[in-house]
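Report on one structure; see the data block that follows.
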Amino acid sequence: MSVIFIMIPGALILAAIGVLAFVLAAKRGQFDDLDTPAIRAIFDDDDLNPPVKTATDAQPEE
Amino acid sequence: MINDPTSIAQTIRCDHCQLSVPSGLIEPDEPHQFCCHGCKSVWNVLHGAGLDGYYAVRKSVDPNPQRTSATGDSYEELDDPAFQETCVENLPGGQAQTELLLEGMHCAACVWLIERLPSVVDGVVESRANIRRRTTVVCYQPDKVKLSDIARGLDRLGYAAHPARGAAAREARIKEDRKFLIRVGVAGAIAGNIMIMAIALYGGALEGISPTWETTFRWYSMGLGVLALVWPGRVFFIGAIAALRTRTAHLDIPIALALGVGGLWGSFNTITGKGEIYFDSLAILVFLLLVGRWVQHRQQRAASDHVELMLTLTPSNATRVNEDGSTTRVPIESIEEGMVVQVEAGGSIPADGILETGHTNIDTSFITGESRPVPVHAGDEVVAGATNLSSPIRLRVSAVGESTRVGKLMQLVASASADKAPIVRFADRIAVIFVFTVITLALITFAYWTWSSGVRTGIEYATALLIVTCPCALGLATPMAMSIAMGRAAKSGVLVKSAAAIESLARPGTMILDKTGTITQGQMSVVEHNCSNEMLKCAAIIEQTSNHPIARAITDSVDLSESQSTASDINQTIGAGISGYVDDDYIEIGSPTYINSNHQIDEATNTEIKKMIEQSLSPVVLYTKEHGFGVLGIGDPIRDDAAQSIQILNDQRWDIHLCSGDHPAIARAVASQVGIMKVQGSVSPEGKAEFVKAMRAQSSSQSKHRVIMVGDGVNDAAALACADVGIAVQGGAEASLEAADIYLMTQGVYPLITLCSLAKHTMRTIHVSLIFSIGYNTIAAALAMTGVINALIAAILMPISSLTVVALSSRKWKGPRKCQSFSS
């Protein structure tokens, strides 16, 4: 059971690393905008340059 | 044009926006078809930059097509050095960065397109959009591209760009937001880790634990607990100390008391190795309270961001006339005394000045409350903030910025806001009772147990009492209920900037309403007409040629889109009337004196004119050979929902006043039409603020009686700032937006009813939560006083009470009880 003497400080150090990472992320503005990044992620870079003609000519009728 | 039934182009759709192309614009030989010039130019820009992928993206995210609207502005004012100094940040490496607010950004495809700006405008390094705030931060190379080019580029894509003002204040706010979030996150992490220790200790208490382990876990708990109290929990102590210094009641006081005593006694027990420690409960307490406050903070921030966006949309530039006669667009800040500026018809006047050339009518309703347009000629003084209605003018600037009439009013607003005593909120009022009751009970407990079983037991039970009665539920319930209320208000088109405002609206108090623009629409139009529709139509066709405000009111009253008639031989007499032919019929339109000088006005028409004047309408007489005389009553029409809304407010026992800068006769006429008994006319902006202050002084004797000011113009801004709650209505001036606590985004005054109902509902929710939490606290206090409670029971009771109130705060709201159909 004396392993707990090492486990608890170990666990707390891990937690402290997590908290530190969170604080740094928050300070750098990672959580400033929670909406746009979600949108940004849904576009593949392939969307950037599709074959020009098919993209415009293949507009389906609504 | 889209709904034109004769259009054969039902199946031909615009290549850009997917709306059908009007038949007149179909070009059979072209491979691509466009519904308007705007769409065509956006398509060309996108196609030229190889960004056709936009259409694929948009199809997948936004099924509702929208027509694009480029403003075609030159954005010259963005290149002004004075402007660049305040709004553009220079980055190392010769790059510059600025934030632009964009109109029309609404979906994922917009984000996609705006972030591809570097491939549309050369010299732009990066563009990062924020869809919630509708802004983009543009990073660019100033030696390659001008800011105005970037703005024009965005404009060509259909997003009108506006520079975001107040960068420093925003920076500070972002920092504050981040600190807040860090506190919540850290408190959560600490609470979670303490719980692990606590489970070991509680398990040990039930099953038995060796003293070594117990001591170890207690010391770890203390370490984490003290950390929670001095880092994220610090805010409660700071708040409590601030409240004690100013001798105001605040919920932070009982919270800080519980945290402080619990922390000290827990540390003492840890060190001495005897008795209960409370660090798990304390850490959870800190975390839950911070979560509640953070949720409310976010909701308030969303509302104030939205208001800020609207502030930025108000024009901030002026047209300067140079010495050689050419004109330059400059930001409003660089206008100086003695300069000559030009103001187009429909533009707003940027500075106080003397009219040099031209004559026009100006609308000063925002500044004076006067509903009728004021005619001005060369040599007359005009004030900043007024709107030029009829024709272009040039004026020599006599005062700028803070020395203008509007600037002085703004100083009044600032001082009124600073002087305003904060509303003592419900939770804070309760806090006073709380503190006294809890301290009394704690002293009794301490005294009794010290007498019967010694000091240690006395302190033990008194501390347990302080912790279990900590107003956690109340501290959580209020912000939760408030943020839900603000979210609901925003959905029905009401932006609430402060939670205290909602509390003040829950009980009827005094409501002071402005007239022009609040009860009335703030625009001249034909309120009554006593002539055939045929005649009115002819009049409208003639008046189409004139820019006079009354002429526009007449034109707007008739739908002329189907009319084939044309006007000819127009003869206008300034300030009197107009005559001309519509097809072959001769018609004269003008003031009664103007018509009377040509034709004898008959008795019936004269009575009609008198009736109009009694109703405070400006009479306009029409004359044709065929139909004889007709009379139009021009005025500022009352909003459709005003009378009914005021009726409801009256029924709810609100004390309603009308306070207008307009002529007393007009104010009285409007008041009697909507059913307001207490009326004041010709009140100056300063007078309005004084009136509000007087009402507050009078009502402060009756506690809980609040003074609400509802207005729209600059003339109301000081009064809005003075009142307990200032409400700005839709279409209000910039100043009133800033001074108000609440902003109605939808037309009319009916949202006031919705707001009052929501406020009432919210306060009832908070009251119910309070009863529940007092119930819990009474049980807990009884257990603590009798010495039955231990730390485990306290640790279980507290989260249960918190969960109950959080569940209660999302209670359903059914909307205002009466006239539900009316608002839709």
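The values are calculated or read from the model by the stated rules, or taken from the named source; none is laboratory data. All values reported here derive from a predicted model rather than from experimental measurement. Here Cβ is always computed from backbone atoms with ideal geometry, including for glycine, and neighbour counts include all displayed protein chains.
Of all residues in the range B:185-218, those being part of a helix (DSSP H, G or I) and either charged (D, E, K, R) or at the interface with chain A (Cβ under 10 Å from one of its Cβ atoms) (or both) number 17. Summed over the range B:35-52, the residues that are in contact (Cβ under 8 Å) with a residue 12 or more places away in the chain and either of a type in the set (Gly, Ala, Ser) or more than 12 Å from every other protein chain (Cβ to nearest Cβ) (or both) give a count of 10. Which members of the range A:1-20 meet the condition of being outside any helix (DSSP H, G or I) and either more than 10 Å from chain B (Cβ to nearest Cβ) or modelled with pLDDT of 90 or more (or both)? If the condition is that a residue be outside any helix (DSSP H, G or I) and either more than 10 Å from chain B (Cβ to nearest Cβ) or modelled with pLDDT of 90 or more (or both), then A:VAL3 is the only one that fits. Highlighted here are the strands (runs of 3 or more DSSP E) found entirely within the range B:544-594 that include at least 2 residues which are surrounded by 14 or more Cβ atoms within 10 Å (Cβ to Cβ) and among the charged types (D, E, K, R): B:585-590. The selection criterion, being among the basic types (Lys, Arg), buried (at least 17 other Cβ atoms within 10 Å of the Cβ) and over 26 Å from B:ALA431 (Cα atoms), holds for B:ARG152. The set of residues from the range B:485-503 being crowded, with 22+ Cβ neighbours inside 10 Å and assigned to a helix (DSSP H, G or I) comprises B:ALA485, B:MET486, B:ALA489, B:ALA499, B:ALA501, B:ILE502, B:GLU503. Scanning the range B:733-768 for residues that are in contact with an Asp or Glu (Cβ under 6 Å, 6 or more places away or on another chain) and among the polar types (S, T, N, Q) gives a single hit, B:SER736. Within the range B:123-132, restricting attention to residues that are surrounded by fewer than 18 Cβ atoms within 10 Å (Cβ to Cβ) and more than 14 Å from every other protein chain (Cβ to nearest Cβ), the residue that is farthest from B:ASP305 (Cα to Cα) is B:GLY123.
If you check B:VAL111, B:VAL61, B:VAL57, B:VAL120 for being closer than 30 Å to B:CYS14 by Cβ, within 14 Å of chain A (Cβ to nearest Cβ), at pLDDT below 80 and crowded, with 21+ Cβ neighbours inside 10 Å, only one passes: B:VAL57. Among strands (runs of 3 or more DSSP E) entirely within the range B:313-409, having at least 1 residues that are in contact (Cβ under 8 Å) with a residue 60 or more places away in the chain and of a type in the set (Lys, Arg) singles out B:327-331, B:393-399.
If you go through the range B:410-440 and keep only what is hydrophobic (A, V, I, L, M, F, W, C), surrounded by fewer than 16 Cβ atoms within 10 Å (Cβ to Cβ) and either in a helix (DSSP H, G or I) or at pLDDT 80 or above (or both), you end up with B:ALA414, B:ALA418, B:ILE433, B:PHE436, B:ILE439. If you go through the range B:614-641 and keep only what is within 21 Å of B:GLN747 (Cβ to Cβ) and either free of Cβ contacts under 8 Å to residues at least 40 places away in the same chain or assigned to a loop (DSSP other than H, G, I, E, B) (or both), you end up with B:ASP636, B:PRO637, B:ARG639, B:ASP640, B:ASP641. Scanning the range B:135-149 for residues that are buried (at least 20 other Cβ atoms within 10 Å of the Cβ) and either within 25 Å of A:GLN30 (Cα to Cα) or among the small types (Gly, Ala, Ser) (or both) turns up B:THR135, B:THR136, B:VAL138, B:TYR140. Look at (1) within 14 Å of chain A (Cβ to nearest Cβ); (2) touching a residue at least 60 places away in the same chain (Cβ under 8 Å); (3) under 27 Å from B:GLY53 (Cβ atoms) and you find that B:HIS106 fails only one, number (2).
I'd like the full set of residues that are at pLDDT 80 or above, more than 7 Å from chain B (Cβ to nearest Cβ) and in a loop (DSSP other than H, G, I, E, B), limited to the range A:30-59. Scanning the range A:30-59 gives A:GLN30, A:LEU34.
Could you please let me know if B:PHE237 is in contact with a Lys or Arg (Cβ under 9 Å, 6 or more places away or on another chain) and more than 9 Å from chain A (Cβ to nearest Cβ)? No; evaluated as a whole, the condition is false for this residue.
Taking the conditions (1) assigned to a helix (DSSP H, G or I); (2) at pLDDT below 80; (3) under 33 Å from the mean Cα position of the chain (by Cα); (4) hydrophobic (A, V, I, L, M, F, W, C) in turn, B:VAL45 satisfies each one other than (3). Scanning the range B:18-34 for residues that are more than 10 Å from chain A (Cβ to nearest Cβ) and not in a loop (DSSP other than H, G, I, E, B), we see that the one that is surrounded by the fewest Cβ atoms within 10 Å (Cβ to Cβ) is B:GLY24.
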